[in-house]
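Student: Here it is, the structure, as C-alpha cells.
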Amino acid sequence: MRDVIVIGCGGGGPVVAKELAARGLDVLVLEGGPRFANPEQEWSRLENDANNPTTGYYRVGPSDRERSAYPRALPQDSYVWQVAGVGGTTLHYYGNCPRAPRGVFDGYAGSDAANYDVDHRFPFAYEELLPYYEWVEATLPVQTAAMGTKESIFFRGAEGIGLPVNTAKQPEAPSFRPQENAILQPQGTAGKAEDPRFPDAQGCTFCGHCFQGCSMPRGAPRNLKAKRSTDNSYVPMMLTADAWTGGRPAELIADAFVQKIHTASGSTGVPRASGVTYELPDGTKHREDARIVVLAGGAVESPRLWRNSELPNPNGWVGRGFTDHHLDWVFGVFDEDTGNSKGASSSARADFPGYGGLENGGLPPGLQAFAQTFSDSGISGARRTASPATPAGADTLGRIVGRELLDSLQDVNRILNILVLTDDDVESQNGVSLLQPGLGDTNGTIPKITMRHRRRSARTLRNREFLAAKAVQILRAAGAKSVHRMDWPPLILHSQSTMRMGLSEADSVADAWAQSRAVAGLYIADNSVLANSAGAANPTLTTQAVATRTAERIFTEHFGGDPWVGREEPVCSIDDRVTEAVIARGL
Amino acid sequence: MSRASRSSSTAPPPSGAINRRVFLAGASVVGGSLVLTGALPKEAEAAAVVSDAFNGLAAFVAPGNDRFSERQGVSTALPGGVANGAAAIVQDTLDAAIPVVLGESEVKLPGALAYALLLSNYAMQVSPLSLVGPFGNAFANLTWIQKREALIRLDAAPPLDNTQITYAGNALITLAALGSFSEGTAYDWRTKVLSGAPVGWQRSKYQGVSDGHADFIGYYQDRTEVSA
Ligand SMILES: Cc1cc2nc3c(=O)[nH]c(=O)nc-3n(C[C@H](O)[C@H](O)[C@H](O)COP(=O)(O)OP(=O)(O)OC[C@H]3O[C@@H](n4cnc5c(N)ncnc54)[C@H](O)[C@@H]3O)c2cc1C
C-alpha cells in the first residue's frame with residue numbers, strides 16, 4: 001500500500017509528487033507516455049518529427065511510434081495539442097507564468113467585478129492562493145523574460161497604441177509587459193552565439209524551439225535546461241527529494257497507463273479511492289493500492305478515466321465546462337527582420353483584465369504555415385462561413401493559401417504573430433464525454449471533445465472580438481505592412497476546468513480543496529480542476545499553485561503533518577543540491 | 001520498478017498502423033453509402049487515389065513547379081509543397097490518426113483513403129468532368145479556383161456532422177501546410193537522417209534547427225524583475 005499514487009506526470013501531477021516526496025511520503029507517479037531520458041539525442045527539434053499529431057515524438061500515444069496514437073473524437077473542426085510523456089504538455093509549453101487576475105476568485109469586489117465569469121469563480125480568494133503562487137514562482141523559478149527582436153517589435157506596437165507598461169506581477173488595468181516566465185534568463189554566451197555550450201552558456205540560448213522541446217543549453221544537467229517544463233524542474237526534484245530535503249524520492253513509472261481507479265466503500269457512505277490498475281506496453285496489467293489517489297491526467301484524460309472507471313457523477317459535471325481560451329491568431333507581415341523563428345517563443349504580452357490577453361508567438365515555418373491556414377472563416381477572399389468572427393480591422397480574414405501563403409511566408413523572419421487568449425466562460429455545453437462504449441483503444445472508450453465554438457457565450461465572443469481588434473492595432477502601430485486575422489476553430493492548447501472545483505455542489509466536481517465531492521480520498525491536481533479559465537492567464541502556474549495547496553492539504557488532512565507554505569523557504573529547482581543529485585544519479 | 005500486485009496478464013489487442021485490408025474494407029463503406037463515388041477503387045488504383053489527392057492538395061496550398069501545380073493553372077518557378085513531400089505527410093498522419101468513427105454506426109474507417117475519396121467526391125460536385133484527367137483523383141484534376149470551391153464547400157458543410165471526419169475538413173489544409181513548410185519527407189524519423197535542405201525551408205528562408213541565436217537584445221527598460 002502506497003501513501004499516494006499520482007496519475008499523470010504533466011503540468012500538475014509532479015507538483016503534488018514533489019511536495020509530498022519532500023515530506024517523506026511514499027509516492028508513486030504513473031505516466032502513460034514515454035520518459036525522454038536523453039533529450040539532446042532524442043529530440044530532433046524538427047517540426048513534423050516533433051509536432052505531427054499522430055506520428056510525432058510529442059503526441060498522445062504510446063512510446064513506440066510504430067503504434068497508433070490514441071484517438072480522440074472531435075465532432076467539429078478543431079485540433080487538440082497535448083503530449084503524453086514525462087513532462088506532459090509542458091514539454092510543448094512556452095513557460096509563460098502569469099497569475100490569474102483577481103476577478104476570477106471568490107470575494108472579488110473591484111469595480112469591474114461583473115466583467116468576469118461570475119457564475120464560476122474559484123472557491124477561495126486571491127489572497128488565499130497568493131502564498132502558493134509565490135512558492136511555485138520561487139521553485140520553478142519564474143523570472144522576467146529576456147527580449148529578442150520579436151518582443152521589441154511587439155513592445156513598439158503596444159507603446160504605439162498608448163498602452164502603459166505594467167511593472168508588477170498582477171495587471172490591474174489594460175497594460176503590456178515582458179512575460180513573467182519559467183525560462184531561465186540568458187547568461188554568458190546564451191543568446192549571443194549560434195553554437196552555445198554549457199557552462200559558458202546558461203539559461204535560454206534563443207534557439208527558437210520551445211514547441212519542439214527544450215534541451216538547451218547543450219551539455220547542461222537536466223534541471224538546468226532553460227525551459228522549466230516539469231521534466232526539467234519538478235520531476236528532477238521529486239526524484240531526488242532525499243538529496244535536497246529530508247524527503248524520500250518519488251517513484252516514477254513511465255509507459256504506465258492507468259485504466260481504472262478503484263474504490264472501496266467508505267465510512268460515510270461515500271466511496272473511497274483505494275488504488276489503480278495500469279497497463280504496461282507488454283500488455284500486462286498491474287494493480288497498486290494507496291491511501292490517497294491524485295488524478296492529474298489533464299483536462300481530457302482525467303474525465304475520461306473517471307468515466308471509464310465508472311465513478312459516480314451525481315450532478316453530471318464530470319467532463320463539462322471545458323474552457324480553452326477560445327484562441328485566435330492575428331499576424332502581420334513586416335519589411336524588417338522580426339526574429340520570428342528565434343528566441344523563446346513568446347516573451348511579450350498585453351493584458352486586458354476581464355477580457356483576456358494577447359501574447360506574441362514565434363514559430364518556425366511549418367507551424368507558421370499551419371497557423372496561417374487554420375480558420376473557421378473559410379478561405380480568405382472567398383465567401384464566408386457562418387462563423388461569427390469579423391475581420392476586426394485586419395486586411396484579411398480566413399485561411400491564407402496558394403500564392404498568398406507563399407508571399408506571406410517568403411521570409412519566416414518577417415512575420416510577427418499575436419495569440420489571442422480569451423477570458424472564456426465555463427459553459428456546460430462544452431466538454432469531454434465518452435464515445436459510445438466499444439469504440440476504444442487499449443485504454444478504454446475514446447474521449448469525445450465537444451466545443452460549440454460558434455455558440456460560445458456572448459461574453460466570450462465579445463472578449464475575443466475585442467482582443468482581435470487590439471492585436472490588429474498593435475501590429476499596425478508596430479509597422480506591419482499587412483495584417484491578417486485567422487479566426488481559428490478550437491485549437492486546444494490551453495485546456496481547463498473539465499473537473500472543476502467550485503463553490504456550488506450543483507456545478508462542480510471538486511470542493512475547494514480539490515478533493516472530489518463524490519469519491520473520498522481522490523484529489524484532482526491538473527488543469528481540469530481549475531474553476532474557470534483563470535481569466536485567460538496561461539493556466540499552468542495557477543494549476544501548480546493549486547496543486548501545491550492540494551499537496552499541503554493531503555499532508556495535513558490525511559497524514560497528520562504540518563503545513564509549510566509561508567513557513568519554510570522553498571528550494572529552487574536549480575539549487576546546487578538538486579543539480580548534484582541529478583548528475584550523480586544520471587537523471 | 002515495483003509492480004506490487006499483479007492482477008492479470010493479457011495480450012494487448014492488435015494495434016499499430018491500419019493495414020491495407022482494413023483500409024479497403026473501410027473504403028467500401030465510404031464508397032457505398034457515404035461518399036457515393038460508385039465503384040470502389042482496386043488496391044493498385046487506391047494508391048493513386050490517395051497520393052494524387054494529397055499532391056493535388058499540396059499544390060493548392062503551396063504551389064510549385066510540379067505537374068500538379070501546372071495542372072491547376074497556378075504554378076511557380078520554384079518547387080513547392082509537392083516537392084517537400086507534403087502529400088506523404090498528410091497521408092501518414094491520417095492513416096495513423098484514425099480509425100474514423102462514423103456516428104453511431106460503429107464502422108471504423110482508415111484515414112487517408114477515406115479523406116481522399118471525400119476530396120474526390122467534392123471535386124465531382126464542383127466539376128463532374130474532373131473524373132477525366134491525368135490524375136487518379138478527381139480533386140487533382142481541378143483548376144486552382146475549382147479546388148478552392150471544393151474546399152469551401154467542405155468547410156461550409158462538413159460531411160457527416162457529429163463524426164470524427166469533420167475534423168479533417170479543416171485539418172486537411174493545415175496538415176498540407178505543415179507538410180509543405182516543415183522538413184517534410186527530407187527527414188526520416190526511423191533513421192534520424194535529414195537529407196538536404198528541405199524545400200519548405202528554402203522557400204521561407206528558414207535557417208533550420210540551431211542550438212542558439214544571437215538575438216538577445218536585453219530587458220525592456222532594463223528591468224530584470226518586477227515587484228510582487
Ligand atoms: C504549444 C503550447 C504552448 C503552451 N504554452 C503555455 C504557457 O506558456 N504557459 C502555460 O501556462 N501553459 C502553456 N501551455 C499549456 C500547458 O502545457 C498546460 O497547461 C499543462 O501542461 C497542463 O498540465 P496538466 O497536468 O493539466 O496536463 P498535461 O500536461 O497534459 O499532463 C497530463 C499527463 O498525464 C498523462 N496521463 C493522462 N491520462 C493518464 C492515465 N490514465 N494514466 C497515466 N498517465 C496519464 C498524460 O500522458 C500527460 O503526460 C501550452 C500548451 C501548448 C500545447
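The values are calculated or read from the model by the stated rules, or taken from the named source; none is laboratory data. No experiment lies behind these values; they were computed from the predicted model shown. In this analysis, Cβ positions are derived from the backbone assuming ideal geometry, glycine residues included, and neighbour counts consider all displayed protein chains.
Student: Where residues in segment B:187-217 are touching a strand residue (DSSP E or B) at 6+ places or on another chain (Cβ under 6 Å) and not in a loop (DSSP other than H, G, I, E, B), which of them is farthest from the other protein chains (Cβ to nearest Cβ)?
Tutor: Checked segment B:187-217; the qualifying residue farthest from the other protein chains (Cβ to nearest Cβ) is B:LEU194.
Student: While we're looking at this one, here's another question. Please find, within segment A:1-31, the residue that is nearest to the chain's Cα centre (by Cα) out of those that are within 14 Å of chain B (Cβ to nearest Cβ) and within 12 Å of the ligand (Cβ to nearest atom).
Tutor: Among residues in segment A:1-31 that are within 14 Å of chain B (Cβ to nearest Cβ) and within 12 Å of the ligand (Cβ to nearest atom), the one nearest to the chain's Cα centre (by Cα) is A:GLU31.
Student: Yes or no: segment A:464-487 includes at least one residue that is away from chain B (no Cβ under 11 Å), assigned to a strand (DSSP E or B), surrounded by fewer than 18 Cβ atoms within 10 Å (Cβ to Cβ) and out of contact with any Pro (no Cβ under 7 Å at 6 or more places or on another chain).
Tutor: yes
Student: Would you check if there is a residue in segment A:328-342 being within 16 Å of the ligand (Cβ to nearest atom) and aliphatic (A, V, I, L, M)?
Tutor: no
Student: State which residue is nearest to B:THR93 (Cα to Cα) when the search covers only segment A:69-105 and only residues that are within 15 Å of the ligand (Cβ to nearest atom) and small (Gly, Ala, Ser).
Tutor: A:ALA69
Student: Can you find a residue that is outside any loop (DSSP other than H, G, I, E, B) and over 20 Å from the mean Cα position of the chain (by Cα) anywhere in segment A:335-347?
Tutor: The answer is no, given that none of the residues of segment A:335-347 is outside any loop (DSSP other than H, G, I, E, B) and over 20 Å from the mean Cα position of the chain (by Cα).
Student: In addition: Filter segment A:212-238 down to the residues that are part of a helix (DSSP H, G or I) and crowded, with 24+ Cβ neighbours inside 10 Å, then identify the one that is farthest from the ligand (Cβ to nearest atom).
Tutor: Looking at the filtered set, the residue picked out is A:ASN223.
Student: Restricting the search to segment B:156-167, which residues are under 24 Å from A:LEU435 (Cα atoms) and either modelled with pLDDT of 85 or more or at the interface with another protein chain (Cβ under 9 Å from one of its Cβ atoms) (or both)?
Tutor: Of everything in segment B:156-167, those that are under 24 Å from A:LEU435 (Cα atoms) and either modelled with pLDDT of 85 or more or at the interface with another protein chain (Cβ under 9 Å from one of its Cβ atoms) (or both) turn out to be B:PRO158, B:ASP161, B:ASN162, B:THR163, B:GLN164, B:THR166, B:TYR167.
Student: Here is a further query. Could you pull out the residue among B:SER69, B:SER75, B:SER51 that is at pLDDT 60 or above, out of contact with any Leu (no Cβ under 9 Å at 6 or more places or on another chain), within 14 Å of another protein chain (Cβ to nearest Cβ) and part of a helix (DSSP H, G or I)?
Tutor: Of B:SER69, B:SER75, B:SER51, the one residue that is at pLDDT 60 or above, out of contact with any Leu (no Cβ under 9 Å at 6 or more places or on another chain), within 14 Å of another protein chain (Cβ to nearest Cβ) and part of a helix (DSSP H, G or I) is B:SER69.
Student: Name the residues in segment A:518-533 that are outside any loop (DSSP other than H, G, I, E, B) and near the ligand (Cβ under 9 Å from one of its atoms), would you?
Tutor: Within segment A:518-533, A:ASN527, A:SER528, A:VAL529 meet the criteria.
Student: Could you please tell me which pairs satisfy a Cβ distance under 9 Å, a separation of 6+ or placement on different chains, a first residue in segment A:1-15 that is over 15 Å from A:ARG35 (Cβ atoms) and assigned to a helix (DSSP H, G or I), and a second residue that is within 9 Å of the ligand (Cβ to nearest atom) and not aromatic (Phe, Trp, Tyr)?
Tutor: From segment A:1-15, the pairs are A:VAL15/A:THR230; A:VAL15/A:ALA296; A:VAL15/A:ALA525; A:VAL15/A:THR543; A:VAL15/A:GLN544; A:VAL15/A:ALA547.
Student: Which of the residues that make up segment A:74-107 are without any contact (Cβ under 8 Å) to a residue 40 or more places away in the chain and surrounded by fewer than 21 Cβ atoms within 10 Å (Cβ to Cβ)?
Tutor: Within segment A:74-107, A:GLY107 is the sole residue that qualifies.
Student: Here's something else I'd like to know. Can you tell me how many residues in segment A:312-325 are in a loop (DSSP other than H, G, I, E, B) and away from the ligand (no atom under 13 Å from the Cβ)?
Tutor: Total meeting the criteria: 9.
Student: Continuing with this model, one more query. Filter segment A:177-200 down to the residues that are of a type in the set (Gly, Ala, Ser) and more than 7 Å from every other protein chain (Cβ to nearest Cβ) and list them by number.
Tutor: A:ALA182, A:GLY188, listed by residue number.
Student: In addition: In segment A:268-289, which residue that is under 24 Å from A:LEU530 (Cβ atoms) and away from the ligand (no atom under 13 Å from the Cβ) is nearest to the other protein chains (Cβ to nearest Cβ)?
Tutor: The extreme case among them is A:ALA273.
Student: Which of the residues belonging to segment A:305-324 are under 30 Å from A:ARG464 (Cα atoms) and in contact with a Gly (Cβ under 7 Å, 6 or more places away or on another chain)?
Tutor: A:GLY319, A:ARG320, A:GLY321, A:PHE322
Student: Counting only residues that are away from the ligand (no atom under 16 Å from the Cβ) and either among the aromatic types (Phe, Trp, Tyr) or part of a loop (DSSP other than H, G, I, E, B) (or both), how many does segment A:490-517 have?
Tutor: Qualifying residue count for the region: 11.
Student: Go through segment A:390-429 residue by residue and tally those that are within 8 Å of chain B (Cβ to nearest Cβ), assigned to a loop (DSSP other than H, G, I, E, B) and over 29 Å from the mean Cα position of the chain (by Cα).
Tutor: Residues in segment A:390-429 being within 8 Å of chain B (Cβ to nearest Cβ), assigned to a loop (DSSP other than H, G, I, E, B) and over 29 Å from the mean Cα position of the chain (by Cα): 4 in total.
Student: Can you work out which of the residues in segment A:145-175 that are crowded, with 22+ Cβ neighbours inside 10 Å and more than 9 Å from chain B (Cβ to nearest Cβ) is nearest to A:PRO353 (Cα to Cα)?
Tutor: Checked segment A:145-175; the qualifying residue nearest to A:PRO353 (Cα to Cα) is A:PRO171.
Student: Next question. Mind telling me which of the residues A:SER375, A:SER387 ends up being touching a Ser or Thr at 6+ places or on another chain (Cβ under 7 Å) and either among the charged types (D, E, K, R) or assigned to a loop (DSSP other than H, G, I, E, B) (or both)?
Tutor: A:SER387
Student: Please work out if A:PRO53 is within 15 Å of the ligand (Cβ to nearest atom) and either free of Cβ contacts under 8 Å to residues at least 40 places away in the same chain or aromatic (Phe, Trp, Tyr) (or both).
Tutor: It is true that A:PRO53 is within 15 Å of the ligand (Cβ to nearest atom) and either free of Cβ contacts under 8 Å to residues at least 40 places away in the same chain or aromatic (Phe, Trp, Tyr) (or both).
Student: If we scan segment A:41-51, do we find a residue that is part of a loop (DSSP other than H, G, I, E, B) and touching a strand residue (DSSP E or B) at 6+ places or on another chain (Cβ under 8 Å)?
Tutor: yes
Student: Just a yes or no: is a residue in segment A:108-116 touching a residue at least 12 places away in the same chain (Cβ under 8 Å), within 14 Å of chain B (Cβ to nearest Cβ), of a type outside the set (Lys, Arg) and in a helix (DSSP H, G or I)?
Tutor: no
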